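Chemist: First the structure, which I've put down as structure tokens, then a few questions once you've had a look.
FYI, it's all coordinate maths here, none of it is from the lab. Note that the coordinates shown come from a computational prediction; the quantities given were computed from them, not determined experimentally. Don't worry about glycine lacking a Cβ; one is built from the backbone with ideal geometry, like all the others, and counts go over all protein chains shown.
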Amino acid sequence: MINKITQFIGICLVLLSCNGVPRSEYNQLQTEFHKAYERNTELDLVLDSLMVEIDFLKNGAPKVLNEIKQLSDEEKWESVLSEYKKLRSNFPQTFELRDAKSYADRAQDEIAWSRSKGLNEVHSYESYIDQFPQGKYVSNAREQIVVRKREVFAERLQNAKRTNSAYAWR
């Protein structure tokens, strides 16, 4: 409606400028035209914003779930968790949330394992097993605990031999 009014006023301005209308009336109509045009532009922006929000509310949960799946395929675990939190806060009552939870759980498992490997310490692997007793990498963590304990034992043995001291055994 406003679009038609704006067009009508624009046409009137063109016609009036060609037909010898007093300058003051022409300027007044021109000012009103610019105001109507600005209001129309503002309303278009509001309308566009509302359309984006409606689309997000209508299709948002499936879109976010698809994004989570894609990020999981790309092994971008931190982003998976971020998108899962967005889904959980914006769409707490959707079916997609249940599916997304499995991706978030996997992401947490992967992140914890990556951190454990990065530290490469017995306590980090034990912590991983405590946090994720059914985790994907539990058997790897157990193997690494054995390996690291052997390495620590070998280091202590070398120190004991080198220093000829029982202190190295502590």
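Chemist: Answer with one residue from S82, I111, T94: the one whose Cα lies farthest towards the positive end of the charge dipole of region 74-170, charges on Cβ with Lys, Arg +1 and Asp, Glu -1.
Modeler: I111
Chemist: Pairs to check: K69/K117; K85/K149; K136/K161; K63/K117. Give those whose C-alpha atoms are more than 31 Å from each other in this structure.
Modeler: From K69/K117; K85/K149; K136/K161; K63/K117, over 31 Å: K85/K149; K136/K161; K63/K117.
Chemist: Pairs of alpha-carbon atoms within less than 8 angstrom and 6+ residues apart define the contacts here; what relative contact order does region 81-135 have, in percent?
Modeler: Relative contact order here is 26 percent.
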